[in-house]
1. Pick out the one residue from LEU18, LEU28 that is surrounded by 13 or more Cβ atoms within 10 Å (Cβ to Cβ), modelled with pLDDT of 95 or more and part of a helix (DSSP H, G or I).
2. Does ALA139 satisfy being over 22 Å from ARG213 (Cβ atoms), open to solvent by less than 70 Å² (accessible area, probe 1.4 Å) and touching a strand residue (DSSP E or B) at 6+ places or on another chain (Cβ under 9 Å)?
3. Restrict the check to segment 191-205 and report whether at least one residue is under 30 Å from MET92 (Cα atoms), in a loop (DSSP other than H, G, I, E, B) and modelled with pLDDT under 90.
4. Only one of LEU112, LEU104 is modelled with pLDDT of 95 or more, among the aliphatic types (A, V, I, L, M) and within 13 Å of ALA91 (Cα to Cα). Can you tell me which?
5. Which pairs turn up if I take residues in segment 149-178 that are closer than 25 Å to SER209 by Cα and look for partners that are part of a loop (DSSP other than H, G, I, E, B) and not small (Gly, Ala, Ser) with beta carbon separation below 6 Å, at least 6 apart in sequence or on another chain?
6. All but one of (1) surrounded by 22 or more Cβ atoms within 10 Å (Cβ to Cβ); (2) of a type in the set (Ser, Thr, Tyr); (3) more than 13 Å from the chain's Cα centre (by Cα) hold for THR168; which doesn't?
7. Using the structure shown, decide if ALA162 is small (Gly, Ala, Ser), buried (at least 17 other Cβ atoms within 10 Å of the Cβ) and not in a helix (DSSP H, G or I).
8. May I ask you to verify whether ILE119 is under 26 Å from ARG37 (Cα atoms) and either open to solvent by 30 Å² or more (accessible area, probe 1.4 Å) or under 18 Å from the mean Cα position of the chain (by Cα) (or both)?
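The values are calculated or read from the model by the stated rules, or taken from the named source; none is laboratory data. All of these numbers come straight from a predicted model, not from anything done at the bench. Quick reminder, even Gly has a Cβ in these numbers, built from the backbone with ideal geometry, and neighbours come from all protein chains shown. Protein only, heavy atoms only, side chains kept; ligands, DNA and RNA dropped before computing areas. Shrake-Rupley method; radii C 1.70, N 1.55, O 1.52, S 1.80 Å.
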Amino acid sequence: MEEIDAGYSDPLSGAFILYTQPSGRPELWNQYLAGARKSYGQHGVENALDFQHMRDGISTALFVVALDGDGRVVGGLRVAGPLRQVGDAAAMLEWGGRPGTKELGRRIGQRLNDGIVEIKAVWVDRDIARHHQTAEALARAFVHTLDLLDVRYAFCTAAEHALPRWQTTGGVISTDIPAVAYPDERYRTRVMWWDRERLLESVSAEQISALLRESGQLRRTRPAVAVSTAVA
């Protein structure tokens with residue numbers, strides 16, 4: 001896979017949003033992991049990270065971090081894939097044979113040939129001043145990872161309270177896959193899809209200008225990548 005190391009300054013959050021890989025930025029990868037463990041641990045759901053599996057970075061094609069003015073990681077996410085088979089998806093374990101598992105597997109399988117990635121371990125430091133804006137910046141990163149990895153589809157699983165934010169960047173909630181109690185009974189977790197070829201149908205108007213600005217910056221910092229014009 002081609003090396004990825006590109007980013008841009010986000011005036012809304014005040015952060016620098018960097019797209020990179022564990023092998024190229026091990027120090028940032030370790031900071032991202034530490035932040036994820038702390039954030040998930042604050043909610044008592046650290047087990048949802050599957051830390052032993054993810055810590056070596058091998059299953060992570062790309063990770064995104066928000067860096068504050070001091071270069072400190074204050075949020076991030078990781079991207080697994082492109083998936084080669086349905087069993088590669090962590091979501092299959094989350095559903096664990098409960099209602100919707102077969103449909104989830106079928107939906108993932110339908111998308112394999114066009115390229116599909118799974119977005120995991122999204123977190124933002126809850127103590128930073130611009131928490132909301134940083135979370136929105138990471139939501140837009142979902143779209144940019146499609147271009148950087150040259151895949152049509154992305155998906156994530158998220159608790160219902162988080163879904164409205166992801167919807168603003170084109171995420172579509174799967175209505176045919178029932179929610180499950182995951183990581184525990186406090187949460188109702190759903191599946192959400194992104195389709196690079198149909199983003200215009202679902203991206204909210206308030207996110208479009210930022211997506212276009214960021215796409216332009218990614219073109220300049222990594223000209224070899226043909227950033228999608230799906231939201232133009």
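1. Working: LEU18 fails: part of a helix (DSSP H, G or I).
Checking each option against the conditions leaves just LEU28.
2. Numbers: over 22 Å from ARG213 (Cβ atoms): no; open to solvent by less than 70 Å² (accessible area, probe 1.4 Å): yes; touching a strand residue (DSSP E or B) at 6+ places or on another chain (Cβ under 9 Å): yes.
No: the conditions fail for ALA139.
3. As a first pass, look at segment 191-205 and keep what is under 30 Å from MET92 (Cα atoms): 191-204.
Filter again for in a loop (DSSP other than H, G, I, E, B), leaving 202, 204.
From the residues that got through so far, the ones that are modelled with pLDDT under 90 too are 202, 204.
Yes: one or more hits.
4. Working: LEU112 fails: within 13 Å of ALA91 (Cα to Cα).
Criteria check complete, one pass: LEU104.
5. Here the result reads VAL151/PRO82, each pair linking segment 149-178 to a residue that is part of a loop (DSSP other than H, G, I, E, B) and not small (Gly, Ala, Ser).
6. The number of the failed condition is (1).
7. Judged against the criteria, ALA162 is not a match.
8. On the way: under 26 Å from ARG37 (Cα atoms): yes; either open to solvent by 30 Å² or more (accessible area, probe 1.4 Å) or under 18 Å from the mean Cα position of the chain (by Cα) (or both): yes.
It is true that ILE119 is under 26 Å from ARG37 (Cα atoms) and either open to solvent by 30 Å² or more (accessible area, probe 1.4 Å) or under 18 Å from the mean Cα position of the chain (by Cα) (or both).
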